[in-house]
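In what follows, a structure is listed as structure tokens, so that the remarks can point back to it.
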Amino acid sequence: MSIYIPNAELERKTILHKYREILELLYDKTTPEQREQIHKAMALAAKAHKDMRRKSGEPYIYHPLAVAKIVVQEINLGTTSVVCALLHDVVEDTEYTLDDIRDMFGDKVAKITDGLTKIENLALSPDESIQAENFRKIFLSMSEDIRVILIKLADRLHNMRTLESMPPEKQWKISSETAYFYVPIAHRLGLYKIKSELEDYAMQYTDPINYRLIAGKLKDTEQTRETMIKEFVAPIVQQIKEEGIVAEVSGRTKSVSSIFQKMQRQKVDFEDVYDVFAVRFVFEAEPQDEIKRCWDIYRIVSNIYPHNKPDRIRDFLSNPKPNGYQALHTTVMSKSGKWIEVQIRSRRMDEIAEKGFAAHYKYKEGGRTPKEYENRVEEWLVKIREILKSDDSSALDFLNEIKLNLGLKEVYVFTPKGEMRTLPAGATVLDFAYALHSKLGNKCLGGKVNSNIVPRNYVLKNGDQVEVITSKNQQPTSEWFDFVKTSHARECIKEAIKMEQKKYSQEGMKILEDIFNELGVEFTPQNYGKIQAATKIKSPIEFWNYVAENKLTKEKVSKILANKKNKNWEAFQKNITNELSDKSLDDLLNEQLEKNPEIFMLNDASSEKIRHVIAPCCKPIPGDQVVGFQVSSDEIIVHRTNCPEAIEQMSKFGNRIIKAKWRKEQEIAFLSGIRMEGFDKKGMIKDIIDIITSQHNLNIRSLNIATKNGVFTGEVMLYIENVMALNELIEQLHKIDNIEKIERIGFDIV
């Protein structure tokens, strides 16, 4: 990372140049009055951020200027969005208030700016998340104006482009937020380029080793790919010209992160990912001619390069993806013996695919959007508004609910009358019932799928014909939450249970009041609040339902009220008043890390007071890049930084991240494992054991190898000190003839 040296005159010229770039991009789309609004916003932003600098040392104003440029150039938004992009950090970071923004720029700009401003100084319990609260605020604002999330994505994109100047723990937190939240939402809104760039930047910081490995292989094979694309497209282009079709052709390499995800899903090496790159044909056509033209080009491609497999065709024309993406995909075998993905789409489809939601509205306003596309993105926004209606859920519950609705995979199922319904992949018969009507869902007993009786939690597949079976005696239960995928179904179940529980509220209050009268205790909110606190039931409705079911006896109530030394009540009071006498984790860390306060050294003799636990989900060993995560007053759980669980936790509880590092010269043995696949040969086991025990002097705990039809699979569990030793072992084992694949499996400290 280069060191930035301030230069006032150069910075002034740079600011002016960046501002002029934005005006040039907007000039043909704006009136003099609109350009005056942008100038006023620029003047205010420059004044407000005058003495502020970024972590890199650059003037802070560079950031809002960069965000404004992304908003115009990469998302295709207009004047209001540019004004808000220039002002998006003014309220949060300077003395200007939201009222000041409203007075100068009007209510619309003020509302969007408010949606872009983080919540600060909010008192939260340890189980709550300031990050989740901020995400909920973004969605609340987005439900009124979609530009809030579009500008927020531009803001996050520039932050990721300049993340190298931040300290590691900040890089992990911001990258985890990006991967967990911003990447899926960019994908949902159809902003493919932004989604891919955000995803790659996040991987650079959470999984740098795999990122560099794949990026290096892409660079090494770049020339080969270019040659292959030229040879592949030449006969197609010739045939297209002969048929009078005007189309542009280009090659596109998949992003590093998408290649890595495919390697993980398919359990293959980089060399075995068949669609590392795709060839794209983009043509000009009127909306009514687009689908026919797509199939015309497909016919030309398949005549030259046959695929011979129906599953090589992916038709997103008549049934676009939930983010509105339309195209025709096929994968064909090239003359060089490589599978190549071909994407065929019109100019309109291409712009929507690249610029997403904003481009959709450009075509919608011009009356040039086919019916097949209408309301695909709006349907998702309706679902978000439904989730927002629930006022009794925590911010974390809300965020988890949103995550369920960010997926793009869908299934198409049919009613008994042949009407098609679209549901997210993983949806069940119960989801289908609620999609038809809430009353049908509440009484759902099961269903008939393709004339076969199935339970209500049966997962639907494409093309299923579904009939819902009901019973008048059926009522939703909390168990049903595990049976549904859609937020609509969850909200319906929640509402039905709530309505049922309300019936018991009065009965529960009467029962507890009678118990209080028998004990001679006044029935006041303060007194029955003590009882509710002791039961640890947060919801009043659930508490009164608990009482109505006679789960709270007179003896239990008497014990809670009379025994002032009751442990549960005492612990509850201490937690509420923050009177715990134990030292906090921060205090212990400060004591233990006086010499190096930024890093918690794992397995160090000086860290005995602070227990660290190796996360069972990713099981890091010395040499892995790791992050500590505070889980209690004296305990840290240690994950690999690329662990999905760690990424989710860092995206929600960034304040609990603790920078962690392995102590050098480890003398601790870790139980480690590798899995191997290949073709069997005589002496294979001997070769493996010789490398492990003789060449690397490692102790084997177990060795299991099985062969079938000349193919072997094997697992070896052994004791090892660090990742470097493991990688060296894997590299050496790869040299054995006939071993085709080796992968790392679980680890435990011993």
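The values are calculated or read from the model by the stated rules, or taken from the named source; none is laboratory data. Source: prediction; values computed, not measured. Reconstructed Cβ throughout: ideal geometry from the backbone, glycine too, with neighbour counts over all protein chains shown.
Given the conditions (1) over 26 Å from CYS618 (Cα atoms); (2) surrounded by 14 or more Cβ atoms within 10 Å (Cβ to Cβ), which single one is not true for GLU715? Answer for GLU715: the failing condition is (1). Tally the residues that are farther than 15 Å from THR330 by Cβ and either modelled with pLDDT of 95 or more or surrounded by 16 or more Cβ atoms within 10 Å (Cβ to Cβ) (or both), restricting the search to the stretch 276-290. Number satisfying all stated conditions: 6.
Of all positions in the stretch 54-61, at least one carries a residue that is β-branched (Val, Ile, Thr) and out of contact with any Leu (no Cβ under 7 Å at 6 or more places or on another chain).
Check whether at least one residue in the stretch 210-217 is within 22 Å of MET166 (Cα to Cα), surrounded by fewer than 24 Cβ atoms within 10 Å (Cβ to Cβ) and among the aromatic types (Phe, Trp, Tyr), and report yes or no. Yes, there is a match, as at least one residue in the stretch 210-217 is within 22 Å of MET166 (Cα to Cα), surrounded by fewer than 24 Cβ atoms within 10 Å (Cβ to Cβ) and among the aromatic types (Phe, Trp, Tyr).
The residues listed here are THR713, THR693; of these, the one that is under 35 Å from the mean Cα position of the chain (by Cα), at pLDDT 85 or above and hydroxyl-bearing (Ser, Thr, Tyr) is THR713. Quick one: count up the residues across the stretch 225-255 that are polar (S, T, N, Q) and outside any helix (DSSP H, G or I). So the count comes out to 3. The condition of being without any contact (Cβ under 8 Å) to a residue 24 or more places away in the chain, more than 26 Å from LYS335 (Cβ to Cβ) and of a type in the set (Lys, Arg) holds for only one of ARG156, ARG161, ARG212, ARG188, that being ARG212. The set of residues from the stretch 289-302 being touching a residue at least 12 places away in the same chain (Cβ under 8 Å) and either of a type outside the set (Asp, Glu) or more than 15 Å from VAL237 (Cα to Cα) (or both) comprises GLU290, ILE291, ARG293, CYS294, TRP295, ILE297, TYR298, ILE300, VAL301, SER302. The single condition among (1) in contact with an Asp or Glu (Cβ under 6 Å, 6 or more places away or on another chain); (2) closer than 21 Å to SER250 by Cβ that SER318 does not satisfy is (2).
Results for (1) at pLDDT below 90; (2) of a type in the set (Lys, Arg); (3) under 30 Å from SER56 (Cα atoms), shown as yes or no for each residue.
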| site | (1), (2), (3) |
| --- | --- |
| GLN171 | yes, no, yes |
| SER196 | no, no, yes |
| ALA202 | no, no, yes |
| GLU222 | yes, no, no |
| ARG225 | yes, yes, no |
| VAL233 | no, no, no |
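So that you can scan it fast, the table gives a plain yes or no per residue for (1) among the hydroxyl-bearing types (Ser, Thr, Tyr); (2) at pLDDT 85 or above; (3) part of a loop (DSSP other than H, G, I, E, B); (4) not assigned by TED's automatic domain parsing to the domain that holds LYS443:
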{"residue": "MET499", "(1), (2), (3), (4)": "no, no, no, yes"}
{"residue": "LYS503", "(1), (2), (3), (4)": "no, no, no, yes"}
{"residue": "GLY508", "(1), (2), (3), (4)": "no, no, no, yes"}
{"residue": "ILE511", "(1), (2), (3), (4)": "no, yes, no, yes"}
{"residue": "PHE516", "(1), (2), (3), (4)": "no, yes, no, yes"}
{"residue": "TYR528", "(1), (2), (3), (4)": "yes, no, no, yes"}
{"residue": "ALA533", "(1), (2), (3), (4)": "no, no, no, yes"}
{"residue": "ILE537", "(1), (2), (3), (4)": "no, no, yes, yes"}
{"residue": "GLU542", "(1), (2), (3), (4)": "no, no, no, yes"}
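Residues in the stretch 293-348 that are surrounded by fewer than 19 Cβ atoms within 10 Å (Cβ to Cβ), aliphatic (A, V, I, L, M) and within 20 Å of LYS241 (Cβ to Cβ): ILE304 alone. When residues in the stretch 544-558 are screened for being in a loop (DSSP other than H, G, I, E, B) and free of Cβ contacts under 8 Å to residues at least 40 places away in the same chain, 3 of them pass. On the stretch given as the stretch 138-193, residues that are among the β-branched types (Val, Ile, Thr) and closer than 21 Å to TYR325 by Cβ total 4.
Condition check ((1) part of a helix (DSSP H, G or I); (2) in contact with a Pro (Cβ under 8 Å, 6 or more places away or on another chain); (3) at positive phi; (4) not aromatic (Phe, Trp, Tyr)) across all residues:
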position	(1), (2), (3), (4)
PHE260	yes, no, no, no
ALA278	no, no, no, yes
ASP289	yes, no, no, yes
ASP296	yes, no, no, yes
ARG299	yes, no, no, yes
SER302	yes, no, no, yes
PRO306	no, no, no, yes
SER318	no, no, no, yes
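Considering the stretch 104-148, the residues that are of a type in the set (A, V, I, L, M) and under 14 Å from GLU177 (Cβ atoms) include one that is modelled with the lowest pLDDT, namely ILE130.
Take SER56 and tell me if it is surrounded by 20 or more Cβ atoms within 10 Å (Cβ to Cβ) and among the hydroxyl-bearing types (Ser, Thr, Tyr). Considered against the rule, which asks whether it is surrounded by 20 or more Cβ atoms within 10 Å (Cβ to Cβ) and among the hydroxyl-bearing types (Ser, Thr, Tyr), SER56 comes out as no.
With respect to GLU24, determine if the residue is more than 20 Å from ASP155 (Cβ to Cβ) and either out of contact with any strand residue (DSSP E or B) (no Cβ under 6 Å at 6 or more places or on another chain) or not polar (S, T, N, Q) (or both). Yes.
The requirement of being closer than 30 Å to PRO64 by Cα and either within 21 Å of the chain's Cα centre (by Cα) or surrounded by 21 or more Cβ atoms within 10 Å (Cβ to Cβ) (or both) is satisfied by LYS195.
For the stretch 547-559, a residue qualifies if it is in contact with a helix residue (DSSP H, G or I) (Cβ under 7 Å, 6 or more places away or on another chain) and surrounded by fewer than 19 Cβ atoms within 10 Å (Cβ to Cβ), and the qualifying residues are LYS554, SER558. The helices (runs of 4 or more DSSP H) located wholly in the stretch 11-95 that include 1 or more residues which are among the basic types (Lys, Arg) occupy 32-48, 62-73.
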